[in-house]
Structures are given as C-alpha cells and as structure tokens.
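A short write-up of the structure that comes next.
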Amino acid sequence: MEEYRGELLAPAGTMDCLKAAIAAGADAVYLGGQRFGARAFAGNFSREELLEGLSLAHLWNRKIYLTVNTLTKQDELSGLCDWIAPFYEAGLDGVIVQDMGVLEKLRKNFPGMELHASTQMTVTESRSALFLKSLGVCRIVPARELSLEEIRLLKEQTGLAMEVFIHGALCYCYSGQCLFSSFLGGRSGNRGRCAQPCRQPYTVLGQEAGGGRMGGKSQQKPPAYPLSLKDLCVLSFLPELMDAKIDSFKIEGRMKSPEYVAGVTAIYRKYMDLYLTDREHWQIDPKDQELLAKLYVRSETGGGYYHRHNGREMLTLEKPGYLACPQEILERVHGMMEDGKLQKPVSFHAAIRPGEPINLTASCEGISVQKEGTIAQPAQKRPLAEDDVVKQLKKTGGSFYGADDISVELDGDSFVPVSALNELRRETLDALTEKLQDRQKRTYVPKYGREAETAQSEAGESTATAAAMPPLHYADTQRPQPTQCYVSVLQAEQAFAALRTTGTDRLYLSSDLMDDPKTGQLMELVRNVKADRPGFELFVTLPTILRSYSEPYLKRLSGQVKAYDGLVDGFLAGSLGGMCWVTEKYPEKKLSLQHSVYTFNRETRQLYQDCFAPDSYTAPLELNRRELEALPPQNQEMVVYGRVPMMVSAGCVKRSLGACQISHTQKQLSQGIPAAAFSCRLKDRYNVEFPVWVNCRHCMNTIYNSVPLSLHQYLAEQKRRGIRAIRLDFTDETAEKTREVLEFFSEGKGTAPAQYTTGHYKKGVQ
C-alpha cells in the first residue's frame, strides 16, 4: 500500500503566484484560463501563459488543475474542446468542473485527464458522488458545509478522492451557488462575477423574541453582518484531517497576491511534513499562527463547518474586509520566497579532446541529454584545465538548475573559448528541460472532428459557431398543447387554494407538508380533484439539500408516499442527490428537475435525459429569452411568478441571533423537528427587505428576493415557443393572494402584481 502523504493544493491567479506556490512546496496548483472559470476578476492565464505554467510545473513534478468551473451557455460550449486541446496535449493533469455538459464533453474527448467535481456541484452525500464517479469523476470537492465526519463517510462510501478547503474565504450560500449577486446587480456568482452581497450589513427583523433579538430584548449586540463568515483556517486541527486520509488540502485564493500564496502554502507545507515525520512532537510555532492570522485575511479566522453546523461564532461581527498586512509579515514571506528559490540539481559530464567536438551530457531525475559543441583546438599557449570547465558549467544562473555534480574528461592539451562552453551549457539544459517536460505530453484526437470555432478575444469572449456534434435526441419530442399551469407551494393553505382553483394542472407540494396536521384533509381534496380532473398531477418537492443525516427523513417520506399510494405522481428534485434518490426508490414515478439543477446547455439536458429520463425540467433563472431559445422547449416548464430563492444556506440567521431554542445534533436533524416558517427578514442598507425561510427540520435557511418575479407580459411568446408549462411558485403568499395570482395567470382575471421584477429574462447575466 502506498504511503499516505496528502496533496497540498495552492491557488494561482498569475504566473508570479504559480512560481510562489511551487517554491513554497505546493504539490499541485489550480488556476484558471481566460474562459470557463469561476473567478472572472482574477488575473487568469492567457493561452501562452498557461502553456508556460504547465511546462514550469511539470519540470518540477508538480500538477496543474485547470478550473473550468462555471456554468456554460450553449453558444460558449462549442469552443470548449478546441480551447482545452493545447493544454491537454501539454499534459494538463486535471480539470475542475461544475457544468454537467462540460463534464460530458471533457469525458468523451480527453482520455487520461483527471476530472474533478467542483465544490459548486454541491456534493453533499454519496448518491450524487457515486453518479459522478460513473461519469469518470475521480475526485470530489465536497460542499464546504460538510463536517469532517461527513467527508470521512463520503470517502468511505464512494472510494473517491476527497479534496477539501483548508484556508481562505467561505461563502454563506451552499457551495457558492448563489443568486443574490445575480439578481441584485447582474453579476452572477455562478459565472465567476460575484459582487459579494453577503459581506454587506443587514438588519434582522422578525416576529419572535425567543430570548434572543428577533423583535425582543437583546442581551448582546446583534451582528451587523449576519451573512459574513469568518475566513477558514484549519492549522490547529490539521492532524485530524490528515488522520482522515484526506487526499488534497486546498488553499482558497486565486485572486490573492504571490505573498499570500507563498506564505500560506509554506506554513501548511511545514506542518503537513512535520506531522508525517514526527507526530509526537507536532506543535504550532506561535509565529506561524500569527503569520496566517495577519496575511490578508478578512478580519477573523475560524474552523468553518468541520466541527459545527452553524452559529454566531462563525461570523465576522464587524465590517468584513481584508486587513492591511503588517510590513514585518511581508518581509518574512519574502524571506520564504527567497529561501524557496526554484532550482533542480543537475549533473554534468564534459568530454573534451583536441580536434573533436566538445561533448556535454546533462542528467536530472533519471533523464539524460547529450549535446555536441564547437571543435576543441590544440592549445597554443595555456591549455584548458578541469577547473576552467567546472567554473563555466556551474554558471547556471537564469535557469532552473543548480550544478550538483560535475565531471570532466580532458584528453590532451585543448583550448575552447569560454563563450563556446557557455553556449553548449545553455543548449544542453534547454534540451534537458524539453525532455523532462515531454514526459507528460499527449495527443488530442477530436471525437467529432475539430470544432468550428473562429477567433476569440484575449478576454475570452467567444465568437464560436455551432460545433460539429451529433444531433441531440429526446424521448419526448411532442409539444403539449395547450401550455399547462403548474403550481409550487411551501404552505398548506396555499395548497388548498391551488387545489380549489381549476387552472392548476400540477401541484408541487413541499415534502415537509407530507406530515403536516392538515395532510389528511389535503390528500382527500387531491383525491377529489383527480376524480374530477383526470389530467391533474401531484408531485412532492424534495429538499434542495440532502445530506447523509437526511436518510431518516427520506425513509419517513417514503412511508408517507406509500400511505397515500396512487395520489403521488412524481417528485421535483433540486439536486443531483435528489434525482438519484428518486431514480433509485421510485423508478416508476415521474421526475421533474428544479431550476437549481442547472441546465444551461443542450449537452447537460441530453445527459440528464439519458440517465434520468425526466418528465420535465425547469428553465434556468439566469438565462435571457435569447439564451432560452437555444434550448429545446420540449419538457420545459418556466417559472413566471414567485419569489426567487436567492440563497440556500447551512447558516441560520435565527441561531446567529441567539433566538434558536432547538438543541440538536446532526443525527437528530430531520427527525420530528417542527417545519419551516418565515420567521425573520433581512433589511439591507437601502431598506429593502428579504424574507428568510427558516427550516429547523433540515437546519438551513432560504433567503428569498424582496419582490416576486413576474413574466406576465411575456406569457404569449413563451407559449408560442412551445414550452410544456408555466409555473407559479408560492412562498409567503396568503391563501387569498395565492388564489388571486393563480386566477390572473391561468384565467386572465384580476390585475397583475403591483411590485415585481422580470429577473434576467430580458438582459440575462454575463
């Protein structure tokens, strides 16, 4: 069995950061190119820089992982393979992926290249991980909200390599899949342009006192920044992660400086090595702890989610912002960078004989190259001495090599110009470098021929034409006529209102309502509606996030579905884990995909069609009308009304305020705890209020937009496009409001919503 070491993975936004990471001891570096990456405002690497970076890293036996971790639109996807091809041929070690369509194209076209599931895939349990494994993924970057115990279990259940974050910034939203920035400012976090609204101040408003600060008296000052998490730092419990055999330890920071990269990488390198060599005497030097605490951190550091689920202690209570790094810390880091100067040991053997070309052999890491130079001349005056040759061969400055061993074979009295020796040394080292780098080169063989892509700008704006790909195919190519009306509800009274309105063709009922006190009465009404309207369907909406501790909840839900056998027609799943659960437990029932199952391109749709055969999917909320038209309308349902869920978080505003009265462990979650409620609101600095759905059963919050989405002006064009259904999502509406909105959209009665947003339908996001 191979001895465990653990990979130290450092970020690089520039070439200087890459060199700093390698010099500081990183085993691998992740970086982004100027396309397809989730850090649009990082320096990022041009094509030439990326190829140079690959050569540099491979020269030092370090790995490079390319971030292709943004959601990809249809018109962008056509240029993907041609863009990746030169990096693949240069030996690119792996790609970090979020978009399922991107994953599928890379899997089919680039054999031998590792595929890593980005943390933005929100892998929180084993079903989704095993599905990704079946698609060729060899490494998972799990959601950062998982505990160490959950990560250990995930590794055990799947056999996949685990890559976890150990240092840097944390998102308040699950895996950074946040729509807050997108809907407030048009800068999509899913597209690498997050404006970080979670770092802004908010006032918490609410109806409950509960001994805390939600409308009641406060014993302590409420946090002004209730969504701003402390930066992560695991150094104090690094041995726990190493004992769990974590495969890769990841430092966040592709937008950080070379000093940050070098300093943080060097400290973690030191203590990872120390634990492997001398566990008994492992302890942290206070100076190193101080360096990490002051090296470009956001106010404070903490241990993230590894040992706790949420809480006030995880937040920055004061204004979050990067602290100025003290000069003495910078000077220490610069010393580290100088100490870690990149040099490889090389051996030379020179053979010099009068009347023959100079022969020089250079050897490094078991690889040798031999070069011939100018012809040595018989010495007229002072013959060439061994010390003269050694002196010139030692002059490797400006290269990545340091002369380690030099042997010289002189036969007779010879003379060689110093310039000739220097030139031969440079040529030989260049040839050695090329041979060392050739070890990882590959050949790209396009599966469908080269993609038809025209020029693109340095900023990465694609002008790609359609790729030469086989046509997409779908099981259901018939457009349902007329367009149906689907309704989603969070609360029982909304369900009653929807069922009593004839315009409802399908009801999506929150799974938490399956054991509501009114469920029996509700199901009796469903039975009557089905008898009166044979085409009516009831679907159960699964929680957006499922974790290992959700299994008791899912088991109980299965029992409830069985109790109402014949009434439940299908499920609405908002995650890959939910899709896998439905396919596993209820293959005979219909499956609908929520908009949180991102389908930005046809390749993603085709993959899901082939693997899950969904009855319908929900159009992504960040695509505009033109981008939606690039996706086939078959089986598409489109949200035309409802508050958009901006953020789903493991954090809890209520608990952060000290108003949570529930004492529970993860094992107790999802077991008999009261269901969710809109018990508080967040008010921003512009006095805009955002309702918060506090779900104690699953211990998570959903923050909704301040006003509902409404596309009533565009219903006609959507129906002409041939979509399956329009959908109305009800969240905090009363029963009366639910009825009014439903009648307006399905029957044209009443008036349009007074306050609303059209979201991204017209403009979309970059």
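Order of Arg199, Arg724 from fewest to most other C-beta atoms within 10 Å?
Sorted ascending by nearby Cβ count, the order is Arg199, Arg724.
Run through segment 557-641 and list the GluC sites (Glu not before Pro) located in a DSSP loop whose Cβ has at most 15 other Cβ atoms within 10 Å.
Passing both the DSSP loop test and the Cβ count: Glu588.
Any idea what the dipole of the chain comes to, in debye rounded to 20, about its Cα centre with Lys/Arg Cβ at +1 and Asp/Glu Cβ at -1?
Magnitude of the dipole: close to 2280 debye.
Please give the helix 551-563 orientation as an angle from the longest Cα principal axis of the chain, in degrees from 0 to 90, rounded to the nearest 10.
30 degrees
Quick one: putting +1 on the C-beta of Lys and Arg, -1 on the C-beta of Asp and Glu, what dipole do you get for segment 344-440 around its Cα centre, in Debye to the nearest 20?
For segment 344-440, the charge dipole is close to 260 debye.
Sticking with the crude label model, points 7 Å out along Cα→Cβ, report the distance from Gln377 to Asn687 in nm, one decimal please.
Placing both labels 7 Å along Cα→Cβ, they lie 9.1 nm apart.
Would you mind computing, in nm to one decimal, how far apart the modelled labels at Asp243 and Lys391 are, each placed 7 Å from Cα along Cα→Cβ?
Inter-label distance under the simple model: 5.9 nm.
Which percent, to the nearest 5, of DSSP beta bridges fully inside the chain are antiparallel?
Approximately 35 percent, going by the DSSP bridge assignments.
To the nearest 20 debye, what charge dipole does segment 556-658 have about its Cα centre, counting +1 at the Cβ of each Lys and Arg and -1 at the Cβ of each Asp and Glu?
Here segment 556-658 has a charge dipole of around 480 debye.
Of the listed pairs Lys63/Lys250; Lys654/Lys683; Lys371/Lys394; Lys371/Lys395; Lys589/Lys719, which have alpha-carbon separations greater than 19 Å here?
Lys589/Lys719
For the chain, take the longest principal axis of its alpha carbons; what is the angle in degrees between that and the long axis of helix 327-339, to the nearest 10 within 0 to 90?
50 degrees
Quote to one decimal, in nm, the extra length available between Lys589 and Arg720 on full extension: 0.36 nm per residue of separation minus the C-alpha distance between them.
44.3 nm
Calculate the spin-label point distance for Leu205 paired with Glu365, positioning each point 7 Å from the Cα along the beta-carbon direction, and give it in nanometres.
6.1 nm
Any idea what the relative contact order of the chain is, in percent, if you count C-alpha pairs under 8 Å spaced at least 6 apart?
So the answer I get is 15 percent.
Per residue of the chain, what 222 nm ellipticity follows from adding -39500 (n - 2.57) for every DSSP H run with n ≥ 4, rounded to the nearest 500?
When only DSSP H runs of four or more count, the value is -9000 deg cm²/dmol.
Of Leu429, Ser407, Gly366, whose Cα points farthest to the positive end of the dipole of segment 344-440 (charges on the beta-carbon: +1 Lys, Arg; -1 Asp, Glu; origin at the Cα centre)?
Leu429
Below 8 Å, C-alpha to C-alpha, sequence gap of six or more: please give me the relative contact order for segment 344-440 in percent.
Value for segment 344-440: 37 percent.
I want to verify the translational diffusion coefficient of the chain in µm²/s; compute it with Stokes-Einstein, Rh as the Kirkwood radius over Cα pairs, at 4 °C and 1.567 mPa s.
45 µm²/s
Quick one: helix 47-59 against the long Cα principal axis of the chain, what's the angle to the nearest 10°, folded into 0 to 90?
With rounding to tens, the tilt is 60 degrees.
Bear in mind that the values in this text are calculations on the coordinates, not laboratory data. These numbers were taken from a predicted model, which means no experiment stands behind them. Neighbour counts are summed over all protein chains in view; Cβ atoms, including those assigned to glycine, are modelled from backbone coordinates with ideal geometry.
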